[in-house]
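*Asks:* Following this message is one structure expressed as structure tokens.
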Amino acid sequence: MIERIGVIGAGQMGNGIAHVCAMAGLDVRLIDLAQDQLDAAAIAMRKNMDRQMRRGLIDEVQLEEALVRILPSTDLSVLGDCDMVIEAATEDEVIKGKIYQSIIPHLRDDTIIATNTSSIPITRLATTTDRAGLFIGMHFMNPVPMMQLVEVIRGIATDDETVSTVQELTGRLGKQAVAAEDFPAFIVNRILLPMLNEAVYTLYEGVGSVEAIDTAMKLGANHPMGPLELADFIGLDTCLSVMQVLYEGLADSKYRPCPLLVKYVEAGWLGKKTGRGFYDYSGPEPIPTR
């Protein structure tokens with residue numbers, strides 16, 4: 001039974017995971033190298049819980065009890081009593097490997113390590129740890145407090161007990177676990193990201209403007225959010241990273257990242273988190289950039 005959990009990375013995904021774990025009654029150790037990121041995460045979690053309270057999903061007592069369960073820290077030694085650690089760092093295989101090497105000396109031998117990777121092969125990541133049997137993929141959707149799905153991905157060496165423990169935990173968090181095989185980008189991003197990449201190609205080739213493409217998909221396919229708006233929300237660097245994993249892992253030209261997507265990432269226009277992507281977010285309303 002998982003009772004105490006560590007979350008590595010206090011960005012949007014990490015603070016969302018910490019949020020739902022604390023709401024489920026788990027003690028949480030939220031780790032980040034940067035204190036300012038931990039401070040920002042505390043503000044974001046409070047804001048998101050306040051929103052849940054206004055919607056009647058939780059009450060003030062539950063909110064305050066959840067916040068008390070979260071211990072933010074830059075000190076890896078606080079992970080020593082954790083039953084499980086979820087890594088929610090940037091989508092970079094080298095960085096993730098370095099994180100595992102840094103946290104392993106502080107973990108118990110039976111501590112499960114889960115990665116929130118959206119595309120990198122679990123089996124390959126597991127080889128950078130000392131516990132392939134206790135290593136698993138646990139891909140949450142963004143925004144974590146609202147989205148119900150968690151893709152559970154076992155590597156070739158993942159133990160059955162690890163899988164069942166993580167599936168049980170997913171249910172305790174109020175999420176639906178879906179088993180995905182360890183192939184590039186798993187299920188959701190294998191289907192979603194090529195669609196977003198094709199939307200960027202549609203823009204790149206001049207078939208439609210940003211506004212036309214997003215409006216067409218919202219009204220013509222009944223999507224709640226246009227593909228370019230969604231790409232900005234996800235982060236264009238993340239979109240590019242997933243497309244590169246698909247292109248390299250499956251060796252199929254249909255997964256080639258659009259050159260315009262590459263250019264936006266090179267320019268540092270990563271979407272909503274940087275204030276500019278396919279939309280400019282500097283004003284009161286997003287304005288298309290093309």
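*Asks:* Leaving out same-chain residues fewer than 8 places away, which lysines sit with a Cα under 25 Å from that of Lys98?
*Replies:* Correct list for Lys98: Lys273.
*Asks:* What length, rounded to one decimal in nm, is gained on full extension from Gln148 through to Ile287, with 0.36 nm per residue of separation minus their alpha-carbon distance?
*Replies:* So the chain would gain 47.0 nm between Gln148 and Ile287.
*Asks:* Only Cα pairs within less than 10 Å get springs; with that Gaussian network setup on the chain, which residue of His106, His223, His139 has the largest fluctuation?
*Replies:* Maximum among the listed residues: His223.
*Asks:* With each label point set 7 Å from Cα along the Cα-Cβ vector, what nm distance links Val61 and Arg124?
*Replies:* Spacing of the two 7 Å Cα→Cβ label points: 5.0 nm.
*Asks:* Something else: Please enumerate, by chain and number, the lysines with C-alpha under 20 Å from the C-alpha of Lys272, excluding those fewer than 8 residues away in the same chain.
*Replies:* Hits, sequence-local ones excluded: Lys47, Lys218, Lys263.
*Asks:* Work out the charge dipole of the range 9-145 with +1 on the Cβ of Lys and Arg and -1 on the Cβ of Asp and Glu about the Cα centre, then indicate which of Ser118, Gln62, Asn48 is farthest towards its positive end.
*Replies:* Of the listed residues, the answer is Ser118.
*Asks:* What ³J(HN,Hα) values, in whole Hz, does the Karplus curve 6.51 cos²θ - 1.76 cosθ + 1.60 give for the range 56-66 when θ = phi - 60°, with x put for Gly and Pro?
*Replies:* Residue by residue, the range 56-66 yields x, 7, 9, 10, 5, 4, 4, 4, 5, 5, 5 Hz.
*Asks:* I've got another one for you. Note the full-extension length gain between Gln35 and Arg51 as 0.36 nm times their separation in residues minus their Cα-Cα distance, in nm to one decimal. Walk me through the intermediate numbers first.
*Replies:* Numbers: separation 16, 0.36 × 16 = 5.76 nm, distance 2.45 nm.
Here the segment from Gln35 to Arg51 would lengthen by 3.3 nm.
*Asks:* Peptides 251-263, 71-83: what's the order by average Cβ count within 10 Å, highest mean first?
*Replies:* Working: 251-263: 14.5, 71-83: 16.7.
Highest-to-lowest ranking by the protection proxy: 71-83, 251-263.
*Asks:* Now, a different point. For helix 188-204, report the angle its Cα long axis makes with the longest principal axis of the Cα atoms of the chain; keep it between 0 and 90° and round to the nearest 10°.
*Replies:* 30
*Asks:* Could you work out the helix-only [θ] at 222 nm for the chain, with each DSSP H run of four or more residues adding -39,500 (n - 2.57) and the total divided by the number of residues, to the nearest 500 deg cm²/dmol?
*Replies:* After summing the helix terms and dividing by residue count, I get -14000 deg cm²/dmol.
*Asks:* Could you compute the FRET efficiency for Ala251 and Val207, with r as their C-beta to C-beta distance and R0 at 30 Å, rounded to 0.05?
*Replies:* Approximately 0.65, to the nearest 0.05.
*Asks:* To the nearest 0.05, how large is the calculated FRET efficiency for Asp75 and Ser164 if R₀ is 45 Å and r is the Cβ-Cβ distance?
*Replies:* Between Asp75 and Ser164 the formula returns 0.90.
*Asks:* A further question follows. Name the shape class, rounded, prolate or oblate, that the alpha-carbon gyration tensor gives for the range 188-282, where a ≥ b ≥ c are the square roots of its eigenvalues, rounded holds for a/c under 1.5, and otherwise prolate holds if a/b is larger than b/c and oblate otherwise.
*Replies:* Verdict is oblate for the range 188-282.
*Asks:* Roughly how many whole Å is it from the C-alpha centroid of the range 92-143 to that of the range 1-55?
*Replies:* 19
*Asks:* Most exposed first by the Cβ proxy, i.e. fewest other Cβ within 10 Å, how do Arg46, Arg108 rank?
*Replies:* Fewest-to-most ranking of Arg46, Arg108: Arg108, Arg46.
*Asks:* Between Lys98 and Ala221, what length comes free when the chain is fully extended (0.36 nm per residue of separation minus the Cα-Cα distance, one decimal in nm)?
*Replies:* Taking 0.36 nm per residue and subtracting the Cα distance, the gain is 40.1 nm.
*Asks:* Ok, one more. Where does helix 210-220 land angle-wise versus the long Cα axis of the chain, in degrees 0 to 90, nearest 10?
*Replies:* Its long axis makes an angle of about 80 degrees.
*Asks:* Using Cα atoms only, what is the angle between the long axis of helix 236-250 and the major principal axis of the chain, expressed in degrees (0 to 90) to the nearest 10?
*Replies:* Once rounded, one gets 90 degrees.
*Asks:* For the range 108-149, what D do you get in µm² per second when you plug the Kirkwood radius from alpha-carbon pairs into Stokes-Einstein at 10 °C and 1.306 mPa s? Write down the numbers at each step before the final one.
*Replies:* Values: Rh = 11.3 Å.
So the translational diffusion coefficient is about 140 µm²/s.
*Asks:* Can you give me the orientation-averaged projected area of the convex hull built on the Cα atoms of the chain, in nm²?
*Replies:* The number I arrive at for the chain is 15.2 nm².
FYI, it's all coordinate maths here, none of it is from the lab. These figures come from a predicted structure and were not determined experimentally. Ideal geometry is used to build each Cβ from the backbone, glycine not excepted, and the neighbour counts take in all protein chains shown.
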